[in-house]
Every structure is written in C-alpha cells, then in structure tokens.
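The values are calculated or read from the model by the stated rules, or taken from the named source; none is laboratory data. Keep in mind that this is a model prediction, so the values were computed, not measured. Here the Cβ positions follow ideal geometry from the backbone for every residue, glycine too, while neighbour counts run over all protein chains shown.
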Amino acid sequence: MKPPSLSICIPTYNFGKFIGETLESIVGQATEDVEIVILDGGSTDNTAEVVEGFRNAFPSLRYFRQDFKGGIDRDMAKSVELARGEYCWLFSSDDVMINGALDRILRQIRSGKDLYLCGFTRCTIDMKPVARHPILGFPAATGFDLGSPEDRLSYFSGALTTTAFFSYMSSLVVRRDRWETAGADDSFMGSCWGHVARIFRMIPGGLNVGFLPDNYLMNRGENDSFLDAGRVNRIGIAVDGYHRLGEVFFGKNSIEAYHIRRVLKNEYTMGYLLYTKLVTHEEGDGRNREKLESIVKKLYADGSPYDRFRHGVYRLVPAFLLHVAAATSRRLRNIAR
C-alpha cells in the first residue's frame with residue numbers, strides 16, 4: 001500500500017469537547033493521500049468516543065491511546081513517530097482547518113521544502129474570528145534556507161512573533177525524514193519547546209522553510225493548555241524557554257538570539273505585563289509577584305536605553321494605581337452598556 005503524502009498528527013489530552021470540530025474540519029476535505037494520526041495521552045473524558053465516531057467516515061484515521069500523559073513534547077514526538085506520511089502537519093486538537101487548506105498544503109509540499117509555516121486567524125474560544133496572527137513581515141509566500149547566514153538574518157529580522165520561531169504547533173508542516181534525522185534534544189523535553197529545539201537542530205545542515213502567509217486554520221483562543229499553572233508561569237515558559245533556545249543554538253550574543261529576545265518583548269507588551277502585575281497583587285501571591293519581577297528583569301536584560309526605560313516603568317508603576325485604572329475601566333464599560 002502506498003504511504004500517504006501527508007499525515008496530520010494530533011496529540012491530545014482531554015479535548016473531547018473540541019476534537020470533534022477539529023476532525024470534522026479535516027475529514028470533510030481529506031483525500032486518500034492523507035492520514036490522521038491521533039495520539040491520546042490518557043484522556044479521562046470522552047475523547048475516545050468522539051474520535052470513534054469519525055473512523056467509519058474516514059478509515060485512514062488512526063487512533064493510539066497511552067495510559068499516561070506524556071506531556072506535549074513527548075506526545076507530539078510520538079504522534080510523528082507513528083505517522084507514515086512524507087510530511088507531517090502538526091495540529092492541535094482544538095483548532096479548525098479552513099476549507100480548502102488541505103488541498104493547498106498538498107500542492108505546496110510538492111516543492112519539497114523541509115518545513116512550511118502556515119498563516120492563521122486567532123479566534124475566541126467559540127471560534128469567532130478576532131484577527132489574523134502576525135508571523136513574519138513578508139506579505140507574500142517566501143522561501144528561506146535557514147542554513148544560509150544571509151537568509152537566516154533576513155528571516156530572523158523579519159520575525160514579528162515567536163510563531164516565526166516555530167512556537168505554534170498547528171502552523172507547522174514538516175518533512176518526516178528531516179524531523180526523524182534531527183532527533184529529539186533531551187535537554188528541552190518537558191520545556192514545551194521540544195519541537196522547536198528539534199527544528200533548530202536542523203539548521204546547520206540547511207533548513208528550507210516555505211512561509212505561507214495565507215489563512216490555513218483558525219486558532220481557538222482562551223484555551224491555552226500552558227496556562228494550567230497560571231499566567232505568570234505561562235510567561236515564564238515563553239521567556240525562559242526562548243532565551244535558552246537562543247543561547248543554546250546560536251549563542252547569547254548572536255544576532256539570532258537578539259531577534260528572539262526582541263520578538264518576546266513585542267509579544268509580552270507593557271500593558272500585558274502591568275495587567276499581570278495587577279492580578280498577582282489582587283491574588284496576594286508574593287511568590288508569583290517575585291517570579292514575575294524576575295521574568296520581567298530577564299525580558300529587559302539587554303540593557304538598551306529603551307529596555308531600561310520599560311523595565312523602570314514596570315517597576316515604578318504602583319499596584320494601587322493599577323487598581324484605580326482597572327476600576328475606572330470597568331466603570332466606563334458599564335456606562336457604555
């Protein structure tokens with residue numbers, strides 16, 4: 001039997017209330033050149049029953065269940081290990097593939113690049129569109145060889161969010177043989193960025209990336225599984241993880257690590273950090289306040305005048321002023337209603 005061209009690899013855990021919508025969006029446009037591989041990390045909800053309902057409609061859906069939750073890094077890697085396709089589209093079990101996206105990806109992978117980075121739209125938890133997500137500052141489909149210093153500089157300097165550095169699983173379509181040859185970096189397993197480390201390991205041997213800025217999927221917001229341990233911990237996962245990725249793979253003083261740090265500062269805006277500061281004070285959690293202060297210090301550690309200014313603003317704005325601003329904002333919203 002001829003192996004599929006594309007495996008859609010879906011690691012999941014307790015997303016039974018969402019995975020049906022995800023599968024419906026895929027199965028409705030899938031062809032015989034596609035398989036769906038689901039790796040269930042021991043869900044305790046109705047995930048298995050929901051998935052079973054799609055197997056008759058699409059026999060090339062393969063469901064594997066573990067008795068334990070391996071974590072996103074290990075479960076994602078296992079889902080690719082179980083795949084048979086030439087390419088693997090890593091896909092979250094709560095996102096929705098837009099109609100026609102699968103056909104477009106199947107045509108794109110004929111060009112043979114190592115990895116494709118897809119555009120998407122951010123949505124609310126009930127899938128109401130919010131905005132197109134910024135990734136790279138290139139308006140048209142563009143190719144890069146990240147093994148080339150010139151291409152890599154262009155790519156890294158054009159990055160707008162960490163999605164450009166492969167943070168968002170559902171935007172990634174990767175050649176399975178390159179993924180397997182790169183192998184896992186054990187030091188990043190459990191960090192939530194094991195897949196990013198694996199992709200960065202490919203760069204020295206050449207990594208041909210196709211950036212596809214058009215819309216391929218809808219990202220379900222307000223459902224970030226990395227938020228399980230709270231907002232401060234979530235910021236720390238990104239800041240600590242990506243700082244380490246930049247240092248390990250490119251060197252702390254490299255231009256690549258600089259652009260990774262720059263993008264993190266763009267993502268975690270002053271408004272977001274001050275709001276998080278307010279929340280930690282309202283919760284009365286001293287440890288979280290200290291942890292957030294440490295994260296913000298690292299975020300602005302480059303020492304530029306602008307960094308020093310922003311760090312100073314964060315430190316000097318008092319909690320009571322944030323409380324007043326939040327209360328005023330709530331009153332104005334109530335008046336507007």
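Side notes on the structure shown:
- Annotation note: Cβ proximity below 6 Å between a residue of region 199-211 that is in the same structural domain as THR181 (by TED's automatic domain parsing) and a residue that is acidic (Asp, Glu) and buried (at least 21 other Cβ atoms within 10 Å of the Cβ) (sequence gap 6+ or interchain) occurs for LEU207/ASP114; ASN208/ASP114.
- If the condition is being surrounded by fewer than 20 Cβ atoms within 10 Å (Cβ to Cβ), more than 12 Å from ASP73 (Cα to Cα) and either of a type in the set (A, V, I, L, M) or within 13 Å of the chain's Cα centre (by Cα) (or both), then region 169-202 contributes only ALA182.
- When residues of region 32-56 are limited to those that are in contact with a Ser or Thr (Cβ under 9 Å, 6 or more places away or on another chain) and among the hydroxyl-bearing types (Ser, Thr, Tyr), the one farthest from GLY100 (Cα to Cα): SER43
- Residue within region 245-258 that is over 30 Å from GLY205 (Cα atoms) and touching a helix residue (DSSP H, G or I) at 6+ places or on another chain (Cβ under 9 Å) present: no
- Within the set GLY221, GLY210, the sole residue that is among the small types (Gly, Ala, Ser) and closer than 27 Å to GLY112 by Cβ turns out to be GLY210.
- Elements of type strands (runs of 3 or more DSSP E) contained in region 105-156, each with 1 or more residues being over 17 Å from ASN208 (Cβ atoms): 115-123, 129-132
- Note on region 49-68: residues that are closer than 15 Å to SER93 by Cα and in contact (Cβ under 8 Å) with a residue 24 or more places away in the chain total 9.
Here is a yes/no grid of residues against (1) buried (at least 18 other Cβ atoms within 10 Å of the Cβ); (2) of a type in the set (D, E, K, R):
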| residue | (1), (2) |
| --- | --- |
| ASP40 | yes, yes |
| VAL51 | yes, no |
| ASN56 | no, no |
| GLY70 | yes, no |
| MET76 | yes, no |
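- Unmet requirement for ALA140, which otherwise passes all of (1) farther than 25 Å from ARG244 by Cα; (2) among the aliphatic types (A, V, I, L, M); (3) surrounded by 19 or more Cβ atoms within 10 Å (Cβ to Cβ): (3)
- GLY183 touching a helix residue (DSSP H, G or I) at 6+ places or on another chain (Cβ under 8 Å), at pLDDT 95 or above and not hydroxyl-bearing (Ser, Thr, Tyr): yes
- Residue in region 9-25 that is among the small types (Gly, Ala, Ser) and part of a loop (DSSP other than H, G, I, E, B) present: no
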